[in-house]
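See structure below.
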Amino acid sequence: MADGTAIPTHPEAHLVARQPLVLNRRPMAWITDHVARIVEDKSKMWWWIATLIAGSIAALVPIQLVYLVSTGVGVWGLNHPVGWAWDITNFVFWIGIGHAGTLISAILFLTRQRWRTSINRSAEAMTIFAVICAGIFPAFHVGRLWMVWFLAPAPNANVIWPNFKSPLLWDVFAVSTYFTVSLIFWYIGLIPDFATIRDRAKDPIRKFIYGLLAVGWRGSNRQWSHYEKAYLVLAGISTPLVLSVHSVVSFDFATSVIPGWHTTIFPPYFVAGAIFGGFAMVLTLLIPCRWLFGLQDLVTTKHIDNMCKIVLLTGTIVGYAYMMELFIAWYSGNPYEWHAFLRNRIADPYIIGPAAGVPPAPYWWAYWSMMFCNVIVPQFFWFKPCRQNAWLALILVMGPNIGMWFERFVIIVTSLHRDFMPGAWGHFVPTINDILLFSGTIGLFVFLFLLFVRFFPMITMFEVKAVLPEADPHHHPAPRPDAGHNAGAIQADVRSILGARDAKAKGGRA
Amino acid sequence: MSPAPQHRLYGFAAEFASAADLYHAAEKVRDKGFRRWDVHSPYPIHGMDDAMGLGRSRVSLFSLLGAATGLSLAFLMICLAGDDHGIVRAIMGNFNYPIIVAGKTPFDIEPSVPIFFELTILLTAFGTVFGLLALGRIPQLHHPMFNWDRFDRVTDDGFFIAIRADDALFDEAETRQFLESIGGTGVSRVEED
């Protein structure tokens, strides 16, 4: 309060004061204008270039898939004994990234974290796009794509039902439910903001399209009342849903008997890892976006800071899970489990391995990349400068982005390539098609996100307006010039009332 | 706005300066006894349901119905697929084919939990959306309020109250005066088309 009307406070009060969620006291019209303008203005040159590049990379997805379906799933490098490789690694990687979006939109909503408002829209969009990328892999890894409908519980002429006791079928239910509910949640959130674009539109075609998307929204409180209830229910069901999805994904591994997979720690460990990797991806997308669109007053340093803290927390949980998994592998006394960890992962390939007559395992570098990226790198977020400097944070979150892919690769490939029988040991090398398809999904993800920021309001305008101080119906506008005196008078009143009460209490006791 | 009376009157609408003004004005409209009126704001205002005298939203009832449907459906589906009972055979005819994997019993509760859970969640979401659409009268692409030229700002920073002409207490002159007396500015006729 630099205008001299401030209530006298302690000189160090700013140290404990909460930082406002929207900086520079931006009014509502400013928020509407700055967010809606991204959709309304002509596309910038960088957007065209980025979209063109990302779109070209995304074109690899259909090309690779046509090649895969027309040739056979053998175009990937997987074979016995590594029957799951990059396909399932990429599936788990992408689906995990989605989890941060649901966490921000649902769990932070239920816990009344008001800072979520300016980041939830883009995080939810990220969820949808990540799940789209994820869904490609399990759908196509079945090989005969025209039989994928056998996964659905539809009565068919072959009198075969899916096996409801199989975690792979649970996956079908969990992922399709997750995608559908996330899409509904996202769209419901978008309706009032589509209405904003509709009301600002001058062009009749634009007005018509956004008018259809806004389903006639008119900000009526009779609608808001139902809207808020629906949003609360959706947040309430999305919270257990998001925890269940990665738990179910982890069951794909945990319910098997493969050493390195058969672990009860998997569900919480996968969920923490998913949130960890997802927040890293939210930061990766939002730090450049807020700079490119000049939204630093809405997505503030405080938002970056908070997200970095979540990356630190979940990264530390993940680190703990790695250590505990390793400890139990040794402590359980199960020689196969310990072999999977010591030889296949930590894999000291050159010291104990050869000495014990075991050929060096080829994937030790993947395990140590994972350890470095997921356990060491996030620890930098203990230091405030690393959380406050957005560009430094952007560099650091590349750790989790890469590390979480390696985590899934390590779990899947190192466990499979050398199991019970040395005679069946093998080696996995990705083919060019593995690499191109995965690159294609990265392109697809970025391409969809670029389309999203261009055509959809990327910040939830109505929710950001609702956290402004003047949005509260009991807010009183700027203090009067004599507020200082009033405050003094009120304090004196409070003191006298409290004094009188104390005196009364003493008198009562005496 | 043309005052020409060839269009039917929908009601009177007024603009308010802030969320606080809108809130206090809404309390006054409620206390006056109006029933067919509404408040329009760019974001949901905390406590406005009470200020308007609205009850609790019943959307959650639809959610509950959806949840019950989802759980029953999942249960039915797994029973049908897993049990060779006579009733099941009667319903499913030749389509029923219980799968016995690893000699396990046809129906077990534990491995069915994920399916129960996911279908419950899915149909709860559908129920909730259906409830929102049904109770919130969505989609309604056209509405007389859109005829009012100020109304564009409802999704930006405008705060409005509209009192409908078919309210029992509505009177053209009086209602206009009343809206002005509670702090409304730019009080206008809103017409149907």
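Quick look at the values:
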quantity	calculated
Surrounding net charge for A:ASN79, when Lys and Arg each add one and Asp and Glu each subtract one, Cβ distance under 13 Å	-2
Set of the range B:165-193 residues, backbone N closer than 13 Å to the point 7 Å along the Cα-Cβ line of B:ARG8	B:165-167, B:191-193
A:ILE265-A:ILE63 FRET efficiency (beta carbon distance; Förster radius 35 Å; 0.05 resolution)	0.35
Between helix A:390-409 and chain A: long-axis angle, C-alpha atoms, 0 to 90°, nearest 10	30
Axial C-alpha extent at least 18 Å, average Kyte-Doolittle at least -0.5 - helices from chain B (DSSP)	B:59-82, B:113-135
Probe 1.4 Å, protein heavy atoms only - accessible area per residue of chain B in square angstrom	50
Residue-normalised accessible area of the range A:18-468, given per residue in Å² at a 1.4 Å probe	38
Relative contact order of chain B, pairs being alpha-carbon contacts under 8 Å that are 6 or more residues apart, as %	48
Dimensionless Rg/Rh of the protein assembly as shown - Kirkwood Rh, Rg from C-alpha atoms	1.03
Length-normalised contact order of chain A in % [C-alpha pairs under 8 Å, at least 6 apart]	28
Exceeding the 29 Å Cα-Cα cut-off - candidates A:LYS229/B:LYS32; A:LYS44/A:LYS384; A:LYS207/A:LYS302; A:LYS42/A:LYS384; A:LYS207/B:LYS28; A:LYS44/A:LYS309	A:LYS44/A:LYS384; A:LYS207/A:LYS302; A:LYS42/A:LYS384; A:LYS207/B:LYS28; A:LYS44/A:LYS309
Karplus-derived HN-Hα couplings along the range A:183-189 (A = 6.51, B = -1.76, C = 1.60, θ = phi - 60°), whole Hz, x at Gly and Pro	5, 4, 4, 5, 5, 4, x
Protection-proxy order for peptides A:207-216, A:404-413, each taking the mean of Cβ atoms within 10 Å per residue, highest first	A:404-413, A:207-216
Chain A: angle of helix A:432-455 to the longest principal axis, Cα-based, in degrees nearest 10	20
Length gained when the stretch A:TRP425-A:PHE150 is fully extended (0.36 nm per residue, less Cα-Cα span)	95.8 nm
Summed side-chain charge close to A:TRP48 - residues other than A:TRP48 whose Cβ falls under 14 Å, Lys, Arg +1, Asp, Glu -1	+2
Folded to 0 to 90 degrees: helix A:266-292 orientation relative to chain A principal axis, Cα	60
Shielded by partner chains, the range B:151-191 residues - at least 30 Å² of accessible area, 1.4 Å probe, vs chain alone	B:ASP152, B:THR155, B:ASP156, B:ASP157
Helix-only [θ]222 nm of chain B, DSSP H runs n ≥ 4, -39500 (n - 2.57) each, per residue, nearest 500	-14000 deg cm²/dmol
Accessible surface of chain B [probe 1.4 Å, protein heavy atoms]: carbon and sulfur percent	58
Spin-label model distance (nm) - A:LEU436 vs A:LYS309, 7 Å beyond Cα toward Cβ	4.7
Fraction in percent of alpha-carbon pairs per bin - 10 Å, the range A:262-314	24, 43, 21, 10, 3
Sum of side-chain charges, A:LEU108 neighbourhood, beta-carbon under 10 Å (Lys, Arg +1; Asp, Glu -1)	+3
Förster radius 25 Å - calculated FRET efficiency between A:MET398 and A:ASP33 (Cβ-Cβ, nearest 0.05)	0.15
Accessible-area composition of chain A, carbon plus sulfur, in percent [1.4 Å probe]	70
Dipole of chain B [Lys/Arg +1, Asp/Glu -1 at C-beta], most positive-end residue of B:LEU80, B:PHE178, B:PHE151	B:LEU80
The range B:145-193, relative contact order [Cα under 8 Å, separation at least 6], %	42
Förster radius 30 Å - calculated FRET efficiency between A:ASP203 and B:ALA17, Cβ distance, rounded to 0.05	0.45
Accessible area buried between chains A and B, both sides summed, probe 1.4 Å, in Å² to nearest 100	5600
Rough spin-label spacing in nm, given labels placed 7 Å along Cα→Cβ, for A:ARG114 and A:ASN24	2.1
Ellipticity estimate at 222 nm from DSSP helix runs (n ≥ 4, -39,500 (n - 2.57)) divided over chain A, nearest 500	-20500 deg cm²/dmol
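The values are calculated or read from the model by the stated rules, or taken from the named source; none is laboratory data. Everything numeric here is computed off the predicted structure, so don't read it as measured data. FYI the Cβ positions are ideal-geometry reconstructions off the backbone, even for glycines, and counts take in every protein chain you see. Calculation scope for accessible area: heavy atoms of the full protein, side chains included, ligands and nucleic acids excluded. Shrake-Rupley method; radii C 1.70, N 1.55, O 1.52, S 1.80 Å.
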